[in-house]
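The values are calculated or read from the model by the stated rules, or taken from the named source; none is laboratory data. Predicted model only: the values in this text are computed from it and were never measured. Cβ: placed from backbone, ideal geometry, glycine included. Neighbour counts: every protein chain shown. Accessible surface is based on the protein model in full, side chains and every heavy atom, while ligands, DNA and RNA are left aside. Shrake-Rupley method; radii C 1.70, N 1.55, O 1.52, S 1.80 Å.
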Amino acid sequence: MSRSPLQLDVVLPTHNRQALLARALDSLLRADVPPGLNVRFTVVDNNSTDGTRELVAARAADFGGRLTYLFEPCPGKPFALNAGIAATHGDLIGLIDDDEEIDENWYRSIEEAFRSEDVDFIGGRCLPRWGAERPAWLGKHYKGVIGWVENGLEPLDFGPSFPGILTGGNAVITRKTIRKVGPYSTALSRTPTRLMGAEDEHLYFRLLEIGARGRYVPELVIYHFVPAQRMTKQYFRRWCFWCGVSRGLIDREYPARVPYVAGIPRYMFGKAARDGARALQSTITGRLPADDRFAGELNIWDLVGFIYGKHFYRPGAGERREHVIRPDVGCQRGVSAP
């Protein structure tokens, strides 16, 4: 007895990245779709001022009526994601970013995972596509700053023992699970002045809280473009600080099951102290590799951000004043193009 195909909606939020979006669309069209999967695509234009709308209109014929344009005026990736999810109806929701390209086996990995495993969500590897020469200090530490995610080549279950989180740049979630867990939190949205952006981590904690079953699928691969402006120490410092702020905010609602000191997980103080001391000693002796030295400094930025987010951060002018990470559905005004 033949099984009906699974319906996959790929939601792709974008903001002023016309050239990168074109490459993402090319990859979505180029990859092989297995017979057991039907795929539709929704580009959510998050208030772009470039030629995004025109690009999607020009590419519509290539997708044979399966490509939809959606405009979301509220700035911030969570708003765009929520609008795209609300506007689609497939069994599965696939999430990628506009600066990514999927591997040719991406669809096949999705179909196999949801046919053969009893899972509610899956994630995979995010590999860098370098836009400039990689600096010596950008090594094995803090790869998540540039969206570089690898957790080995063996399948793993998401959960407390998993060495990471589900990232929104390469994730597939069942529709029924999204309805149960609720939308992305918009209070953690990135702005021009702050690199918050922890909506993925917040959603991941909520998925675990409701008992959703997740699987890391190493064959689920995307290639993430890393521009030169993100390969600077200034960017890494700023990112780590605001990541710490975001994690501090999340910790207000989801405290870790570890000992705390002054409202901060005790291990964070120990890690920052050890790594900071090693970095200082290495600066004097020059014996530690450049990436290890810089990682010690970034741990301190992360800790300072966490303290600020946990104890001092308050919403600014125009931001929501209620509980800072409550999921917000008040600005899902995405509208399909006529």
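What the phi angles of region 303-314 give under the Karplus curve with 6.51, -1.76 and 1.60, with θ = phi - 60°, is a coupling list of 5, 4, x, 4, 4, 5, x, 6, 10, 10, 5, 9 Hz, glycine and proline written as x. Selection among F158, A198, V119 by position relative to the dipole of the chain gives A198 as farthest towards the positive end (Cβ unit charges, Cα centre). Computed over protein heavy atoms with a 1.4 Å probe, the accessible surface of the chain works out to 47 Å² per residue. Note on the chain: with neighbouring protein chains present and a 1.4 Å probe, carbon and sulfur make up 54 percent of its accessible heavy-atom surface. Separation of region 121-153 and region 69-90, taken as the distance between their Cα centroids, equals 26 angstrom.
Positive end of the dipole of the chain (Cβ unit charges, origin at the Cα centre): among L249, N82, T52, the Cα lying farthest that way belongs to L249. Annotation: amide H-H contacts under 5 Å for L220 (H modelled 1.01 Å from N, sequence separation of 5 or more, or interchain): R125. Backbone geometry of region 160-174 corresponds, through the Karplus equation with coefficients 6.51, -1.76 and 1.60 at θ = phi - 60°, to 3J(HN,Hα) couplings of x, 8, 7, x, x, 9, 7, 9, x, x, 7, 9, 9, 10, 6 Hz, x marking Gly and Pro.
For the residue pairs K176/K233; K180/K271; K176/K271; K180/K310; K77/K140; K77/K233, the alpha carbons lie more than 32 Å apart in K176/K233; K180/K271; K176/K271. Note on exposure: K233, K77 ranked by accessible area (1.4 Å probe, complete protein assembly) read K233, K77, with the most exposed listed first.
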